[in-house]
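The values are calculated or read from the model by the stated rules, or taken from the named source; none is laboratory data. Treat the numbers as computed from the prediction; the structure is a model and nothing was measured. Cβ sites come from the backbone with ideal geometry, for glycine too, and all protein chains shown count toward neighbours.
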Amino acid sequence: MLSTFPTLFSYQELAPFLIRITLGVIFLFWAYKAIRKADSTRSQKIIAAIEAIIGLLLIVGMRVQVAALAAIIDLIVRLIERAKNKAFLTDGVNYYLIILVMAISLMVLGAGWWGFDLRL
């Protein structure tokens, strides 16, 4: 079956770019929130620093697959914590699942437009 909009295939690198920027902003926001919290522990601040690095790498487009792998690990840990609290498939967990799928797609697709990662 033919595509409805075949001319849009020339913009296929736009999708990973948009996913990469969105995911990077989310991770930077999480890091900012955790660092600004007055009662956060040392381990929470270290995790926030790692999330900030993930966010910056994704926005800049460097080592996107490595940053996406780190994001996947972070999100799986968050999902496991929610599952332990019997809060699986609630609104917050659905948000994490969507972000996890975004990170997995970046692992597969790469950086997209304006990324420094080159496909081999």
ask   = Which residue out of Ile19, Ile47 is surrounded by 14 or more Cβ atoms within 10 Å (Cβ to Cβ), in contact with a Leu (Cβ under 7 Å, 6 or more places away or on another chain) and either of a type outside the set (Gly, Ala, Ser) or not in a helix (DSSP H, G or I) (or both)?
value = Ile19
request  = Please state which one of Val25, Val60, Val66 is out of contact with any Phe, Trp or Tyr (no Cβ under 6 Å at 6 or more places or on another chain) and touching a residue at least 40 places away in the same chain (Cβ under 8 Å).
outcome  = Val60
key: Residue selected from the stretch 22-44 under the condition in a loop (DSSP other than H, G, I, E, B) and among the hydroxyl-bearing types (Ser, Thr, Tyr), by the criterion surrounded by the most Cβ atoms within 10 Å (Cβ to Cβ)   = Ser40
message = Against the definition (more than 15 Å from Val101 (Cα to Cα), in a loop (DSSP other than H, G, I, E, B) and modelled with pLDDT of 85 or more), how does Met1 come out, yes or no?
response = no
remark   = Selection from the stretch 58-86 of residues under 12 Å from the mean Cα position of the chain (by Cα) and among the acidic types (Asp, Glu) yields Asp74
message = Pairs please, first residue from the stretch 1-19 and more than 8 Å from Gly112 (Cα to Cα), second anywhere and surrounded by 10 or more Cβ atoms within 10 Å (Cβ to Cβ), Cβ atoms under 8 Å, 6+ apart in sequence or on different chains.
response = Leu18/Gly112; Ile19/Met102; Ile19/Ser105; Ile19/Leu106; Ile19/Leu109; Ile19/Gly112
inquiry  = Against the condition in contact (Cβ under 8 Å) with a residue 24 or more places away in the chain and under 21 Å from Met107 (Cα atoms), how does Ile72 come out, does it pass?
reply    = yes
